[in-house]
1. Identify the residue in the range 3-36 that is buried (at least 18 other Cβ atoms within 10 Å of the Cβ) and in a loop (DSSP other than H, G, I, E, B) and, among all such residues, is modelled with the highest pLDDT.
2. Against the condition modelled with pLDDT under 95 and more than 23 Å from residue 30 (Cα to Cα), how does residue 152 come out, does it pass?
3. Could you tell me whether residue 51 is touching a residue at least 12 places away in the same chain (Cβ under 8 Å) and either assigned to a helix (DSSP H, G or I) or closer than 28 Å to residue 27 by Cβ (or both)?
4. How do the pairs read when you match residues in the range 56-79 that are without any contact (Cβ under 8 Å) to a residue 12 or more places away in the chain and at negative phi with residues anywhere that are surrounded by 11 or more Cβ atoms within 10 Å (Cβ to Cβ) and part of a helix (DSSP H, G or I), using Cβ under 7 Å and keeping only pairs 6 or more apart or on different chains?
5. What do you reckon, is residue 166 under 20 Å from residue 33 (Cβ atoms) and modelled with pLDDT of 95 or more?
6. Residue 63 - would you say it is surrounded by 13 or more Cβ atoms within 10 Å (Cβ to Cβ) and either in a loop (DSSP other than H, G, I, E, B) or over 20 Å from the mean Cα position of the chain (by Cα) (or both)?
């Protein structure tokens, strides 16, 4: 089997921090490709590769069933457990934990579309001291990806128009998209228009780009679990 192609990006004049984030983004794409070996349900090249290599045939229905099972597990992970002497803190305490859990589940199955692949990349990158590490959803654009170096306005549930992305993400943001084009990385400051156009073409070709909104699913706040546990309130 041929090795996965290296993630693609265009070289521009960049600051040191941007170069570091691009390198980390490309490393994350390679990591995702190594974990999501079966690829996605909605890219023709992944289906063709599975067929050529005589892998298990996987379809969107397969992924839908996988998501239902994973969401069921996730809900259990959000629930506190009574152990006789008190309540045990849930494993999943916030959206960061949720994304990392879904990334872990996707790694286990080795199969997923843009959302699963973004979760795997986010989980991988969260081990590094990256400022502004976020997962982004294109509302109306059927797509999710990761951003490194996002500005202070990009917080959980924040929303902006796609034509305001430069100001929203800030001057040093880097897109890490393991699904797009088989794995791509972009600098927002110089390549947002190209990246967004390709996302729309591949993920939502019939959608109106002007109606698509950018939403931050979560931003990694680098809070230790002990800090989150200390602020958790058990059921009364």
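1. So the residue we want is 36.
2. No; evaluated as a whole, the condition is false for this residue.
3. On the way: touching a residue at least 12 places away in the same chain (Cβ under 8 Å): no; either assigned to a helix (DSSP H, G or I) or closer than 28 Å to residue 27 by Cβ (or both): yes.
No.
4. Listed by first residue and then by second, the contacts come to 57/50.
5. Values: under 20 Å from residue 33 (Cβ atoms): no; modelled with pLDDT of 95 or more: yes.
Taking the combined requirement at face value, the residue does not satisfy it.
6. Against the criterion (surrounded by 13 or more Cβ atoms within 10 Å (Cβ to Cβ) and either in a loop (DSSP other than H, G, I, E, B) or over 20 Å from the mean Cα position of the chain (by Cα) (or both)), residue 63 does not qualify.
The values are calculated or read from the model by the stated rules, or taken from the named source; none is laboratory data. Just so it is clear, the model here is predicted, and its values are computed rather than measured. Every residue, glycine as well, gets a Cβ built from its backbone with ideal geometry; the counts of neighbours run over all protein chains shown.
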